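Working notes for the structure below.
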Amino acid sequence: MVAESRTRAGKAPIPVPNHMFIFGLGFTGLRLAIELGRLGWIVSGTVQSEEKKKEIEKEHPFIKVIVVDDHLDNNSLDSCLEGITHILATAPVNKRSGEDPILETFGDAITTRSINGQIFWAGYLSTTSVYGDHKGAWVTETTKANPTLKRGRLRKHAEESWLATGAPVHIFRLPGIYGPFRGTVNRARKGAAKMVYKEGQVFSRIHVDDIVGVLIASIRLPNPGRVYNVVDDTPEANWIVTEHAYNLLKRKAPEKMQWEVAKKGMSPMSLSFYSESKRVSNKRIKDELGYTLLYPSYKEGFPAQIQEEECKMKNLHEKKIKKGGLQWSLGHLVFHRFSFGLIPRHVFAFISVGVNALRGLYRSVMSFAKEQLPSPKTRDVLCLLVDNGSLRPEPTLQFRKYAKMLEEASSDFPFSLTVKAVSARHSHKIPVEQLDGISAETLAEIQSNKEGFSSDQVLCVPMFLSNSRTVTSFIPGALTTISNQSKKRFSFRVSDPLVKPTKILQDLQEPCSIESILCNMIRRVRENIPEKEECAVVLVDHGSPSRDVNAVRRGLAGSLRIMLGDEVSKVVDCSMERREGEYYDFNDPLLENVFDLGGMGVGSVILAYAFLAPGRHAGKDGDIEEILNDVKARHPELKIYQTGLIADDENRKELQNLLSSRLRSIL
């Protein structure tokens, strides 16, 4: 099968733990945190008071709790999000500003991490009120969001704001949530639940544990930009659900109240709930995420809620009467406050001192190197345009063109510059007749033949999108060896790869960048698709055993979400192939599987190539063409439009300017 051929065997390292950051450790957020902790995740989250922080840390010491208040500065924001891989937003909209409070505080930090590929998955908990009133009719995720209430309009705006961050956001629309000590059962236990009858009025609901289950299912099968209704199978009238709760508690239910009577004593908030009626479908979470509800209706959920409440109350009572229990609890709290408070500060301080020392050493070394390196004004300088290498001639011929253009563009330099296209490996095996009679050169071959360079200063511009091991290790190592074994030694400098290792928001405005090249490639294809037709984008790269290299692809996808905006319906990134083992899951989804995700197997999709030049994988008769043939056979209603490659002639001017900027950065 194709799927087997795209997963390569190999010994995998130990998986790196995922780190979930939950904005709002409330009823749902805390429930998810507890479950993820049980699964071995690192979990952090926010609360609004020191009291709540202490309460959570006492019961769940594995959760790192952060108090978000007015004293949180930019440095604190950065440290809060350091190392996170997943984020969940649970907070309601800020009623005063009408904006999402998380994005008001953390928005820029989230976007910056998204365009740098540091966020694997993001979730936003919205509400089914965005659909408005449908007079009891069924709604699905494809139903147009047409909120009639202010809170629905605010939630719709918040959804749009989250989707615009560039993060791989998933929207979860929730109805009324119930669970331990919350919802209809809790009100009935207090005798406060009223049985209101309004003809045709129905509500949807969901147990908190099913929300947690759906979130985890989505994390395991991400599909950025997708919307999910998280509701149970049974929309029902309020009075029927309330009567059932009283019966389970073996308490007498109040008399059923007619709407005309009940509404006179209701608050504006309660009245607003009864102003809308709809039946919300949950088919998508079952079909696409493969999720099976723990509690298909309140008839299964309420008994489970009551049982858990009674168990918790019993345990609480036993703790109170247990001799010495209070002293132990306080000691336990102090211990964990120490563990998660003082020690990290000392560790961070130690790391900070070390980093500053390394920075000072780096500056000293670079200053010394600049003094020792020959002045370019009096020397001939060699520039190597280094690609990974291929057994096909097209990449070598293409990169020779760019080497020639780069050399011609250096006429204003105060020294003589020669630019050569050289591969890291492989290309020297290409028959010379396929390369216009000029053999390809590789660093590996030069190194093995103990050849050198005539220049005493070598500048290297990697034709790579990211800092792969070839860029960070092989190229510097090969150049060092070549210099050491040559009669004439040379100094060398290596520029950054074509995608900046660390990006800021302003970088997206640069006219000459890989992001802008990809964006323009997609827009050229989009022009050939009817404007009214929705179109998704799939960004594909080769795949890598390095998490850092893989982060570049995710960062490019995040940048494209921001730059393309509503020109496309969504942007999903994927790998052509990957290695076996849980550690390499960060490469998923594979290209062969991405069109099996919900909504991706029909309609128009633009396949954007994060490949520089044609070769064994991209281009005519390549691996990707074979994969797409299989995909089209499985999805006959799918229309796949393809961009060119980054180093194609249509992108020549932009790529030439980008290469020139990389060269100038190391002069």
Give the angle, between 0 and 90 degrees and rounded to the nearest 10, that separates the Cα long axis of helix 101-115 from the longest principal axis of the Cα atoms of the chain.
-> 30 degrees
Relative contact order (%) - criterion: Cα under 8 Å, at least six apart; region: region 531-618 = 42 percent
For Lys639, go through the lysines and keep the ones whose alpha-carbon is under 26 Å away, minus same-chain ones fewer than eight residues off.
-> Lys144, Lys283, Lys286, Lys532, Lys570, Lys620
Rough spin-label spacing in nm, given labels placed 7 Å along Cα→Cβ, for Ile504 and Thr142 = 4.5 nm
Whichever aspartates and glutamates have a C-alpha closer than 13 Å to that of Lys632, once near sequence neighbours (fewer than 8 apart) are set aside | Glu592, Asp596
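Summarise the accessible area of the chain (1.4 Å probe, protein heavy atoms) by the percent that is carbon and sulfur.
In the chain, the share of accessible area belonging to carbon and sulfur is 53 percent.
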Taking the Cβ-Cβ separation of Lys532 and Lys95 as r and a Förster radius of 45 Å, what is the calculated FRET efficiency to the nearest 0.05?
-> 0.80
Between Arg616 and Gln485, what is the spin-label point distance in nm, taking each point 7 Å from the Cα along the Cα→C-beta axis?
-> 2.5 nm
Percentage relative contact order, the chain, counting C-alpha pairs under 8 Å, at least six apart = 13 percent
With axes computed from alpha carbons, what is the tilt in degrees of helix 325-372 against the longest principal axis of the chain, rounded to the nearest 10 within 0 to 90?
-> 20 degrees
Which FRET efficiency value, to the nearest 0.05, is calculated for Leu39 and Val261 with the Förster distance at 56 angstrom and r the Cβ-Cβ distance?
-> 0.70
How big is D for region 86-162, in µm² s⁻¹ as a whole number, if Stokes-Einstein is applied with the Kirkwood radius of its Cα pairs at 25 °C and 0.890 mPa s?
-> 180 µm²/s
In a solvent-free Debye calculation with one equal scatterer on each Cα, what is log10 I(q)/I(0) for region 409-453 at q = 0.30 Å⁻¹, listed in the order of the q values?
-> -1.04
Taking a ≥ b ≥ c as the square roots of the eigenvalues of the Cα gyration tensor, with a/c under 1.5 meaning rounded and otherwise prolate when a/b exceeds b/c and oblate if not, region 183-321 is oblate
Do any chymotrypsin sites (Phe, Trp or Tyr not before Pro) in region 389-458 lie in a DSSP loop with no more than 15 other beta carbon atoms within 10 Å, and if so, which?
-> Phe415
Rg (one decimal) and Dmax (whole number) from the Cα set of the chain, in Å, equal 29.7, 100
Cys512 label point, 7 Å along Cα→Cβ, cut-off 14 Å on backbone N: hits in region 413-435?
-> 413
Mean projected area, convex hull of alpha-carbon positions in region 585-631, reported to one decimal in nm², is 4.0 nm²
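How many Å² of accessible area per residue for the chain, probe 1.4 Å?
Per residue, the chain has 49 Å² of solvent-accessible surface.
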Using Cα atoms only, what is the angle between the long axis of helix 623-634 and the major principal axis of the chain, expressed in degrees (0 to 90) to the nearest 10?
-> 30 degrees
Loop sites in region 538-613: GluC sites (Glu not before Pro), DSSP, at most 16 other Cβ within 10 Å | Glu580
In vacuum, with every alpha carbon of region 470-530 counted as one equal point scatterer, what does the Debye formula give for log10 I(q)/I(0) at q = 0.12, 0.26 Å⁻¹? Two decimals, please.
-> -0.54, -1.05
From highest to lowest solvent-accessible area (probe 1.4 Å; ligands, DNA and RNA excluded), Ser270, Ser486 read Ser270, Ser486
List, in the order given, every pair from Lys58/Lys312; Lys198/Lys312; Lys420/Lys450; Lys150/Lys263 whose Cα-Cα distance in the structure shown is over 24 Å.
-> Lys198/Lys312
DSSP beta bridge pairing in the chain, given as percent antiparallel to the nearest 5 | 5 percent
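The values are calculated or read from the model by the stated rules, or taken from the named source; none is laboratory data. Computed from a predicted structure; not experimentally measured. All Cβ positions, glycine included, derive from the backbone under ideal geometry; neighbour counts span all protein chains shown. The accessibility values were calculated without ligands, DNA or RNA, using every heavy atom of the protein model including side chains. Shrake-Rupley method; radii C 1.70, N 1.55, O 1.52, S 1.80 Å.
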